[in-house]
Amino acid sequence: MTDEEIGKLTQIYHDMLVGVGEDPSREGLLDTPKRAAKAMDYLTGGYRANLDDVVNKAVFTSDIDQLVVVKDIELYSMCEHHMLPFIGKAHVGYIPNGKVLGLSKIARIVDVFARRLQIQENLTKQIADAIAKYTGAKGVGVVLEAKHLCMMMRGVEKQNAFMKTSVMNGTLRTSDSCRKEFLSLIQEK
Ligand code: ZN
């Protein structure tokens, strides 16, 4: 965000403190609006990221035609309904079609879409679509598992419910054996 945008957001956080009955001029809160604005800038950085820059040509030629899996990618996002975090793990698998993606880039793609206001279902699909777009893979599978703070801290206050979502495209959708291989690989400890 620009300095001007951070300034506007700082004012909004100041007003929010007043709104919840706080005194923004007390010592502990003096810099809070600006800190919160900068934190929100970071947590929503996905809106300002360019996927082409993120992937940055880290797509390599390869004749590997077997399943590639990256599991347990840390996931931090925020639900679009309450603007509260949901946190968990992403597992990504794909069957290359002549091209593979640099390992760190898969995690970066997850971050680009996670650092927005999201629902887990859409986030799962956006990650899968991006992997498919950049690799042209024969099949892409994405599984997300996350705990939603809006469910844990408020509402039904269920502390141990995990939400699992999955999107399977191409051969990972059409071939039972490919999908089973992917699912068994991400379940291994
Ligand atoms: Zn929510």
Q: Hey, could you check the stretch 66-114 for residues that are acidic (Asp, Glu) and surrounded by fewer than 16 Cβ atoms within 10 Å (Cβ to Cβ) and say which is farthest from the ligand (Cβ to nearest atom)?
A: 72
Q | Residue ID - nearest to the ligand (Cβ to nearest atom), chosen from residues in the stretch 49-65 that are closer than 16 Å to residue 116 by Cβ and of a type in the set (A, V, I, L, M) | A | 49
Q | Selection within the stretch 26-36 - among the basic types (Lys, Arg) and in a helix (DSSP H, G or I) | A | 34, 35
Q.
Filter the stretch 115-158 down to the residues that are basic (Lys, Arg) and over 18 Å from residue 46 (Cβ atoms) and list them by number.
A. 138, 147, 154, 158
(Q) Please go through (1) free of Cβ contacts under 8 Å to residues at least 40 places away in the same chain; (2) under 17 Å from the mean Cα position of the chain (by Cα); (3) farther than 25 Å from residue 44 by Cβ for residue 83 and return the number of the only condition it doesn't satisfy. (A) (3)
Q: Inspect the stretch 15-30 for any residue being of a type in the set (Val, Ile, Thr), farther than 28 Å from residue 173 by Cα and at pLDDT 95 or above and give the result as yes or no.
A: yes
(Q) Could you tell me how many of the residues in the stretch 133-181 are in contact with a helix residue (DSSP H, G or I) (Cβ under 7 Å, 6 or more places away or on another chain) and within 24 Å of residue 77 (Cα to Cα)? (A) 16
Q | Candidates 23, 41, 63, filtered to the one that is farther than 30 Å from residue 189 by Cβ, open to solvent by less than 90 Å² (accessible area, probe 1.4 Å) and part of a loop (DSSP other than H, G, I, E, B) | A | 23
(Q) Only one of 132, 146 is more than 16 Å from the ligand (Cβ to nearest atom) and of a type outside the set (Val, Ile, Thr). Can you tell me which? (A) 132
Q: Filter the stretch 131-189 down to residues that are within 23 Å of residue 63 (Cβ to Cβ) and among the polar types (S, T, N, Q) and give me whichever is surrounded by the most Cβ atoms within 10 Å (Cβ to Cβ).
A: 135
Q: Give the stretch 149-187 a look and list any residue that's hydrophobic (A, V, I, L, M, F, W, C), under 18 Å from the mean Cα position of the chain (by Cα) and more than 16 Å from the ligand (Cβ to nearest atom), or say none.
A: 167, 168, 186
Q) residue 25 versus (1) in contact with a Lys or Arg (Cβ under 7 Å, 6 or more places away or on another chain); (2) more than 16 Å from the ligand (Cβ to nearest atom): which is the lone unmet condition? A) (1)
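The values are calculated or read from the model by the stated rules, or taken from the named source; none is laboratory data. What you see is a predicted model; the values in this text were computed from it and never measured. Every residue, glycine among them, receives a Cβ derived from its backbone with ideal geometry; neighbour counts consider all protein chains shown. These accessible areas exclude ligands, DNA and RNA; they are computed on the full protein's heavy atoms, side chains included. Shrake-Rupley method; radii C 1.70, N 1.55, O 1.52, S 1.80 Å.
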